[in-house]
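Colleague: Starting off with a structure, shown below.
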Amino acid sequence: MPNLASNKYMSKDKKNKREAGDKAYPIWLLINPKHTAVRHNIWTPVLAEIQDKVYREIHTRIDSRNIYIRNAVKDSAIVPKTLNWWGAEVSKEIELFREIVFEYKPKILITFGAFPYEFMRRVYEIKPEKGPKSWGTAILGNEFGRSIENFDINKTNKIPLLRRVVTSGKFIEDYNDFSENYFQYVGSKIADKLIENKDSFNIWIE
């Protein structure tokens, strides 16, 4: 019986995909393959908040079936663990993703946590290059605020979300004194930009 269970999980692992969705879709998610649970723990409640506000404001919903979701690197074993942040294998992955993202030019590129955000920055050659401890919760929160403030429908908007939300989904107190639920806050902000630019997004359910 234990062998059967083991084989079952091995088969499941083999079926895990590097990517899902449609590259032509204007919303992309970039994920650390070590933390794929963000799709359920972070993105699902954020998307629910986006859908709620979109429906209330413009009486439609996002057709989210084709959102492009990609692991930043194909092998979780090469995800950097220390201040020796980048290896040759990761650099190759950056080059590969750079080719893809420049070809398809998504309108929104959402990352989850420190590694995917710094990976994305290096894809776009944003300086200075930083290590894993540079992107704490409060700093990523500030980066999120900047990305919303500077949202431009004519370029790829790089929007960082947290990988993990503590204290029942609320911001820690030192993040600009927000007491709102994190998912409500970021979902509402992203929804605002989608609504403002609704005619530029071919994402709506007819």
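The values are calculated or read from the model by the stated rules, or taken from the named source; none is laboratory data. Values in this document were obtained by computation on a predicted structure and should not be read as measured data. Every residue, glycine as well, gets a Cβ built from its backbone with ideal geometry; the counts of neighbours run over all protein chains shown. These area figures cover heavy atoms from the full protein model, side chains too; ligands, DNA and RNA do not enter into them. Shrake-Rupley method; radii C 1.70, N 1.55, O 1.52, S 1.80 Å.
Colleague: Using 18 Å as the Cα-Cα cut-off, could you pick out the over-long pairs in K105/K130; K130/K189; K133/K158; K107/K158; K130/K158; K23/K155? Don't jump to the answer; show the numbers that get you there.
Modeller: Values: K105/K130 24 Å; K130/K189 26 Å; K133/K158 20 Å; K107/K158 9 Å; K130/K158 16 Å; K23/K155 16 Å.
Exceeds cut-off: K105/K130; K130/K189; K133/K158.
Colleague: Here's a follow-up. Using protein chains only and a probe of 1.4 angstrom, how many square angstrom of I205 are accessible, to the nearest 10?
Modeller: We get 80 Å² for I205.
Colleague: Tell me the accessible surface of S134 in square angstrom (1.4 angstrom probe, heavy atoms of protein chains only), to the nearest ten.
Modeller: Its heavy atoms expose roughly 40 Å² to the probe.
Colleague: For the pair E103/N66, report the inter-label distance in nm, with labels modelled 7 Å from Cα in the Cβ direction.
Modeller: If labels sit at E103 and N66, their model points lie 1.7 nm apart.
Colleague: Ordering S147, S76 by how much accessible area each has at a 1.4 Å probe, largest first, what is the list? Provide the component values of the computation, followed by the final result.
Modeller: Values: S147 15, S76 45 Å².
The residues order as S76, S147, largest area first.
Colleague: Please list V165, V38 from largest to smallest accessible area, probe radius 1.4 Å, with all protein chains kept in place.
Modeller: On the way: V165 35, V38 5 Å².
Per-residue accessible area, sorted high to low, gives V165, V38.
Colleague: A further question on this structure: If you stretched the chain out fully between R56 and R39, how much longer would it get, using 0.36 nm times the residue separation minus the C-alpha to C-alpha distance?
Modeller: Working: separation 17, 0.36 × 17 = 6.12 nm, distance 2.41 nm.
Gain on stretching R56 to R39: 3.7 nm.
Colleague: Mind checking which aspartates and glutamates have their C-alpha under 15 Å from K17, skipping anything on the same chain fewer than 8 residues away?
Modeller: Output for K17: D75.
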